[in-house]
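Accompanying notes for the structure given below.
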Protein chains: 2
Amino acid sequence: MPSSVAGPEIERLIQLLARLPGLGPRSARRAALTLIKKREQLMSPLAEAIRIACERVTVCGTCGNVDTSDPCTLCRDPRRETSLLIVVEDVADLWALERANVANARYHVLGGTLSPLDGVGPDDLNLERLVARVAEGGIAEVVLALNATVDGQTTAHYVTDLLAATGVKVTKLAHGVPVGGELDYLDEGTLAAAVRSRTPF
Amino acid sequence: MPSSVAGPEIERLIQLLARLPGLGPRSARRAALTLIKKREQLMSPLAEAIRIACERVTVCGTCGNVDTSDPCTLCRDPRRETSLLIVVEDVADLWALERANVANARYHVLGGTLSPLDGVGPDDLNLERLVARVAEGGIAEVVLALNATVDGQTTAHYVTDLLAATGVKVTKLAHGVPVGGELDYLDEGTLAAAVRSRTPF
């Protein structure tokens with residue numbers, strides 16, 4: 001778009017919006033127009049919300065979650081089981097597990113997975129702190145809730161080896177048929193894993 | 001998501017992002033996480049860009065375009081043909097025509113189309129100003145660049161009737177085969193229009 005059309009301020013807004021995941025150049029333009037049209041209802045509140053989040057949001061020094069306090073709300077929650085620690089790759093995974101309301105546990109966010117091709121090594125992950133937390137004692141079980149991808153499983157193996165010395169019980173998520181899934185549409189790997197791990201009815 | 005996970009500030013940011021077109025609740029969460037992770041490179045600049053746009057962007061009193069000045073850059077551009085006026089539904093359409101670099105003309109943004117079902121009547125559109133601009137003289141031709149939808153065409157007919165008294169030449173965009181389009185995939189209406197409006201080779 002020639003810069004003369006919309007002025008550099010709008011151009012800049014579009015460029016920054018286009019860097020959000022899920023928005024391309026075209027949808028960023030639509031989003032910018034929506035913001036401009038809904039100035040009072042959306043644009044001002046969003047500017048304020050981003051400013052506040054920018055100021056206050058911090059990464060929890062204990063688990064790696066993002067929150068406005070450090071330690072984060074989850075780490076400070078006295079009702080949570082302290083003996084169960086769920087290791088996730090990313091904050092998004094932590095949120096997904098919390099949405100599922102699946103475990104009353106504490107978390108540890110690695111901040112990525114080992115990926116030699118992308119140059120991500122053990123030092124780039126939040127692993128030292130994980131070992132330290134387990135070594136401090138009080139944790140009976142570490143659940144590796146990592147993605148069922150090659151990188152995720154490589155990381156899981158690495159973490160297992162790393163924690164072997166501490167003697168803590170390390171478990172991983174079950175593989176199997178997704179709830180609501182149809183066998184016909186599942187890949188062979190999942191079907192094989194589901195048969196291998198079959199449970200009594 | 002239970003509000004205890006991410007804190008009300010992040011929650012609020014996600015809610016506002018989810019109101020942008022093209023972002024649902026899930027992609028808004030991803031966008032919020034991206035913002036938090038790229039605080040320096042993306043979050044601060046975006047907050048600043050939205051704040052500046054919020055302060056400075058205004059609607060041009062002449063044509064209805066959005067810009068940081070009133071009259072807007074297009075209305076003030078002395079190199080533009082003043083005798084040709086292109087009527088569009090929305091600022092996004094104006095931007096699309098400018099991107100195509102198709103006409104060195106001025107614009108008039110209606111701000112919508114007549115839609116009795118949605119309760120949009122002539123008073124909701126920027127029509128009075130359009131008639132006034134044409135009545136002021138100096139405009140030889142009004143091009144109705146409205147969407148080829150029922151609402152768009154209804155509006156085109158209404159605008160034509162409205163401008164009949166001024167005696168200005170009113171034209172509309174050609175219907176036909178889109179450039180790069182294959183006949184096999186086109187609907188009957190477009191094909192019929194293309195045959196009716198065939199041109200000498």
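Looking across region B:41-71, the residues that are at the interface with chain A (Cβ under 10 Å from one of its Cβ atoms), surrounded by 17 or more Cβ atoms within 10 Å (Cβ to Cβ) and touching a residue at least 12 places away in the same chain (Cβ under 8 Å) come down to B:N65, B:V66, B:T68.
Scanning region B:106-142 for residues that are open to solvent by less than 20 Å² (accessible area, probe 1.4 Å), among the aliphatic types (A, V, I, L, M) and either touching a residue at least 40 places away in the same chain (Cβ under 8 Å) or out of contact with any Gly (no Cβ under 9 Å at 6 or more places or on another chain) (or both) returns B:V109, B:L110, B:L114, B:L127, B:L130, B:V134, B:V142. Report yes if some residue within region A:152-165 is within 30 Å of A:P78 (Cα to Cα) and modelled with pLDDT under 90; otherwise report no. Within region A:152-165 (the criterion being within 30 Å of A:P78 (Cα to Cα) and modelled with pLDDT under 90), the answer is yes, since at least one residue qualifies. For A:E81, indicate whether it is without any contact (Cβ under 8 Å) to a residue 12 or more places away in the chain and either part of a strand (DSSP E or B) or closer than 21 Å to A:L163 by Cα (or both). So A:E81 does not fit the description; no.
Cβ separations smaller than 7 Å between residues 6+ apart or across chains give the following pairs from region A:174-186 residues that are more than 19 Å from A:T149 (Cα to Cα) to residues that are part of a loop (DSSP other than H, G, I, E, B) and not acidic (D, E): A:L183/A:V177.
Scanning region A:114-132 for residues that are in a loop (DSSP other than H, G, I, E, B) and over 18 Å from A:T160 (Cβ atoms) gives a single hit, A:G119. The residue list A:L23, A:L74 contains one member that is part of a loop (DSSP other than H, G, I, E, B) and within 8 Å of chain B (Cβ to nearest Cβ), which is A:L23. Here is the figure for region A:176-201: residues that are in a loop (DSSP other than H, G, I, E, B) and surrounded by 14 or more Cβ atoms within 10 Å (Cβ to Cβ) total 3. Yes or no: B:A103 surrounded by 15 or more Cβ atoms within 10 Å (Cβ to Cβ) and not in a loop (DSSP other than H, G, I, E, B)? No, not satisfied. The single condition among (1) at the interface with chain B (Cβ under 7 Å from one of its Cβ atoms); (2) at pLDDT 90 or above that A:E9 does not satisfy is (2).
B:V91 meets each of the listed conditions (1) crowded, with 18+ Cβ neighbours inside 10 Å; (2) more than 22 Å from A:L42 (Cβ to Cβ) apart from (2).
Only a single criterion out of (1) within 21 Å of B:T62 (Cβ to Cβ); (2) open to solvent by 70 Å² or more (accessible area, probe 1.4 Å); (3) in contact with a strand residue (DSSP E or B) (Cβ under 8 Å, 6 or more places away or on another chain) is not satisfied by B:K172, namely (1).
Looking only at residues of region B:77-88 that are open to solvent by less than 50 Å² (accessible area, probe 1.4 Å) and either more than 10 Å from every other protein chain (Cβ to nearest Cβ) or under 19 Å from B:E128 (Cα atoms) (or both), we find that the one that is farthest from the chain's Cα centre (by Cα) is B:S83. Please verify whether A:L33 is modelled with pLDDT of 90 or more, touching a strand residue (DSSP E or B) at 6+ places or on another chain (Cβ under 8 Å), facing another protein chain (nearest Cβ under 7 Å) and in a helix (DSSP H, G or I), treating the condition exactly as stated. Yes.
The values are calculated or read from the model by the stated rules, or taken from the named source; none is laboratory data. What you see is a predicted model; the values in this text were computed from it and never measured. Cβ coordinates were reconstructed from backbone atoms using ideal geometry, including for glycine residues, and neighbour counts include every protein chain displayed. All accessible areas refer to the heavy atoms of the entire protein, side chains included, with ligands and DNA or RNA removed. Shrake-Rupley method; radii C 1.70, N 1.55, O 1.52, S 1.80 Å.
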